[in-house]
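Asker: Below is a structure I'd like to ask you about.
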Amino acid sequence: MSVATNAADIVCVSVAGKVANPVLSGLPAEPYRLDADGRAFLWPTFGGIVYNVSCGDSAFGWSGDCVHPSVSISHPDANKNRGLNVFACVGNEAMIVSGAAKGEKGVVTGKSGRFSEQVIIHFPVDVRRKIAVDDQILVKAEGVGLALPEFPEITFKSLSPALFDALPKTVEDGVLKMGVTASVPPHMIGAGLGLTSEGGSLHIQSTDRAELAAQGLDKLRLGDVVALQDTDSRYNHGYLRGAMSIGIVGQTDGPRAGYGPGLTIVMTSPTGQLGSHAAPEANIADILGLTA
Amino acid sequence: MTGSEGHSLATNESTLVEMAVSAIVTTPAVRPGQYIPHPDGTGAVLPGMYGITYNVRCGDRAFGWAGDHVEPGVSIDDDGHSGRHHALHYLNCIGNDAMVTSGMAAGATGTVIGEHARILVQFDAEAHALMAPGDRVQVMTRGQGLTLRDYSGVALKKMSPRLFHAMGITEADGRLQVKAAVELPIRIMGSGAELNSEYVDQDLMSGDRALMAELGIDKMRLGDIIAIRHADHHWGRSYREGAVSICICIHGDSIMTGHGPGILTLMTARAGEIDFTLDPSANLADLLKLGA
């Protein structure tokens with residue numbers, strides 16, 4: 001169903017970044033991270049061009065730590081990177097403006113936060129094969145300022161108006177109920193709490209695999225729309241009874257304590273105006289027709 | 001002390017290495033546009049972090065200050081980027097001795113009472129009145145590597161032998177019995193889930209003010225010993241059913257969503273090796289007789 005928005009008032013502005021390279025820490029060049037059991041592991045993690053993980057794939061089972069599907073970009077200047085990370089919205093169009101894949105179009109599918117601060121963009125694999133690290137990618141950023149006149153308590157974060165229109169939703173008794181594949185209880189929310197909700201990511205924590213399965217969170221796919229219970233994301237993410245946030249799975253699972261699939265938060269309300277209903281089809285790869 | 005099953009609280013403390021790490025007294029740093037948001041977005045400018053805090057000491061209330069993340073005592077850090085910052089963070093332990101080594105208060109001795117982005121040390125009020133930003137303070141670090149001979153499942157983090165012995169820990173039914181002033185529900189543990197458990201703290205999320213009052217959390221004092229069920233703090237901080245972590249409150253409340261008083265890890269166990277009883281007097285200021 002459609003819900004009235006102020007989309008006609010939203011300003012669409014360019015932001016840009018370069019295709020990122022994976023980074024490891026400096027001397028003594030210790031490459032390992034520790035998993036939640038204290039074991040050292042060495043797996044690919046965020047950044048770079050990822051050829052074989054795409055939005056729509058499983059968020060679990062990869063030999064990787066919070067891997068960004070497809071292509072990740074960042075700007076080398078910290079303030080400009082913040083502009084990129086805040087203004088880019090899930091569903092925005094991206095265009096490659098340098099290199100062998102110049103002119104190819106992609107779609108923003110997520111963002112990452114503290115320690116990486118990148119924007120994640122889907123391109124088909126044949127395009128990925130032509131992209132080089134440091135190629136320039138422009139995002140037509142549109143969505144910051146989005147609001148719903150009939151639901152003044154709902155705040156948008158990082159969501160394109162067109163994608164909002166396409167997401168499954170219903171209105172019942174004055175509550176906007178977004179279609180979601182799963183609902184995350186507050187004790188399963190980890191890294192990203194207390195950090196900015198205008199960009200970055202908020203992670204489901206997956207250390208306790210039995211609890212993860214019991215909550216129906218172990219089958220998530222990249223691109224799934226999920227609800228976060230008792231979560232207020234208006235200004236940073238935090239616990240508040242009765243609040244709700246809606247997120248889109250942007251990154252894969254990972255073995256570090258406090259981490260798991262990363263979510264880009266796109267909607268929030270401190271009151272009961274925002275709700276959810278089960279909708280197994282709520283995956284943005286399917287909704288936007290993203291193909292590997 | 002010998003337990004009912006022949007266990008004991010024997011430690012390996014005779015093997016610990018005591019080592020000096022030096023820092024300087026910090027001075028508050030303010031970024032351009034220093035406003036921080038309340039949960040409803042209202043901006044505020046508040047003191048609390050860095051510097052010498054003259055009128056807030058360990059043992060005082062954690063809530064209700066016209067401040068944000070108030071750090072009791074003196075906040076010290078490295079004055080360069082030489083790696084001393086991390087040496088301080090990873091080697092200091094709560095309850096370690098500190099000594100002023102330059103300036104008008106040279107020779108004064110104090111105690112490590114917490115670790116935020118800086119190390120928090122407390123001296124007597126007369127010494128605080130004489131200290132100035134830039135004065136050198138040295139921590140005689142001792143405690144990293146501390147283990148319990150008969151409780152291999154119990155990890156000690158940033159625990160000085162002095163504090164361990166002062167906590168009044170007993171044994172019953174093969175488990176450690178710890179006295180804690182406050183129990184926190186895992187679902188309100190927030191900012192800091194992304195950090196190592198030896199590095200800084202994890203804030204409790206105080207944004208649900210009604211819940212703070214309902215559970216009496218708003219009576220928390222700086223220095224209170226804190227217990228959290230289902231919190232595994234071995235390598236990072238994550239939800240794990242049945243785990244118990246024992247922590248200490250090291251800084252004051254915050255207005256920001258996802259933040260609140262800082263909770264620093266002291267002990268953690270997964271398999272029931274730690275249990276606790278509530279005792280409002282379980283506070284660092286009393287346990288170490290730090291004085292008002």
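Asker: Please give the number of the condition B:Tyr151 fails out of (1) part of a loop (DSSP other than H, G, I, E, B); (2) farther than 30 Å from A:Arg114 by Cα; (3) in contact with a helix residue (DSSP H, G or I) (Cβ under 8 Å, 6 or more places away or on another chain).
Answerer: (3)
Asker: Tell me which residues, restricted to the stretch B:166-182, are outside any strand (DSSP E or B), at pLDDT 95 or above and more than 16 Å from the chain's Cα centre (by Cα).
Answerer: B:Gly168, B:Ile169
Asker: Quick check on the stretch B:129-138. Is at least one of its residues acidic (Asp, Glu) and surrounded by 23 or more Cβ atoms within 10 Å (Cβ to Cβ)?
Answerer: no
Table: residues versus (1) within 21 Å of A:Gly145 (Cβ to Cβ); (2) surrounded by 23 or more Cβ atoms within 10 Å (Cβ to Cβ); (3) within 14 Å of chain B (Cβ to nearest Cβ); (4) out of contact with any Leu (no Cβ under 9 Å at 6 or more places or on another chain).
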residue	(1), (2), (3), (4)
A:Gly238	no, yes, yes, no
A:Arg241	no, no, yes, no
A:Ile248	yes, yes, no, no
A:Gly260	no, yes, yes, no
A:Pro280	no, no, no, yes
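Asker: Tally up the residues in the stretch B:214-251 that are within 8 Å of chain A (Cβ to nearest Cβ) and within 13 Å of the chain's Cα centre (by Cα), please.
Answerer: Looking only at that region, the number is 0.
Asker: Looking at (1) assigned to a strand (DSSP E or B); (2) touching a residue at least 40 places away in the same chain (Cβ under 8 Å), which one does A:Met244 not meet, given that it meets all the others?
Answerer: It is condition (2) that A:Met244 fails.
Asker: How about the stretch B:201-213: which of its residues are more than 7 Å from every other protein chain (Cβ to nearest Cβ) and either out of contact with any helix residue (DSSP H, G or I) (no Cβ under 7 Å at 6 or more places or on another chain) or part of a strand (DSSP E or B) (or both)?
Answerer: The answer is B:Asp201, B:Gln202, B:Leu204, B:Arg209, B:Ala210, B:Ala213.
Asker: Take the stretch B:206-236 and flag every residue that is touching a Gly at 6+ places or on another chain (Cβ under 9 Å) and more than 29 Å from B:Gln144 (Cβ to Cβ).
Answerer: Scanning the stretch B:206-236 gives B:Ser206, B:Gly207, B:Asp208, B:Met212, B:Ile217, B:Asp218.
Asker: In the stretch B:252-267, which residues are within 13 Å of chain A (Cβ to nearest Cβ), in a strand (DSSP E or B) and touching a Gly at 6+ places or on another chain (Cβ under 9 Å)?
Answerer: Answer for the stretch B:252-267, where residues must be within 13 Å of chain A (Cβ to nearest Cβ), in a strand (DSSP E or B) and touching a Gly at 6+ places or on another chain (Cβ under 9 Å): B:Gly262, B:Ile263.
Asker: Let me ask you something else. Mind checking which residues of the stretch B:249-273 are β-branched (Val, Ile, Thr) and surrounded by fewer than 24 Cβ atoms within 10 Å (Cβ to Cβ)?
Answerer: If the condition is that a residue be β-branched (Val, Ile, Thr) and surrounded by fewer than 24 Cβ atoms within 10 Å (Cβ to Cβ), then B:Ile255 is the only one that fits.
Asker: Which of the residues that make up the stretch A:211-234 are over 19 Å from B:Met189 (Cα atoms) and either touching an Asp or Glu at 6+ places or on another chain (Cβ under 7 Å) or among the acidic types (Asp, Glu) (or both)?
Answerer: A:Asp218, A:Arg221, A:Leu222, A:Asp224
Asker: OK, next. Hey, among A:Gly38, A:Gly26, which residue is in contact with a Phe, Trp or Tyr (Cβ under 6 Å, 6 or more places away or on another chain) and of a type outside the set (Phe, Trp, Tyr)?
Answerer: A:Gly38
Asker: Being charged (D, E, K, R), within 21 Å of the chain's Cα centre (by Cα) and over 28 Å from A:Ala191 (Cα atoms) is the filter here; which residues of the stretch A:102-149 pass it?
Answerer: Those that are charged (D, E, K, R), within 21 Å of the chain's Cα centre (by Cα) and over 28 Å from A:Ala191 (Cα atoms): A:Lys105, A:Arg128, A:Lys140.
Asker: Continuing with the same structure: Name every residue in the stretch B:24-43 that is modelled with pLDDT of 95 or more and either touching a Leu at 6+ places or on another chain (Cβ under 6 Å) or more than 11 Å from chain A (Cβ to nearest Cβ) (or both), in order of residue number.
Answerer: B:Ile24, B:Val25, B:Thr26
Asker: Go through the stretch A:31-66 residue by residue and tally those that are within 14 Å of chain B (Cβ to nearest Cβ) and in a strand (DSSP E or B).
Answerer: So the answer is 4.
The values are calculated or read from the model by the stated rules, or taken from the named source; none is laboratory data. None of these values were measured; they are calculated from a predicted model. We place every Cβ from the backbone using ideal geometry, glycine too, and count neighbours over all the protein chains shown.
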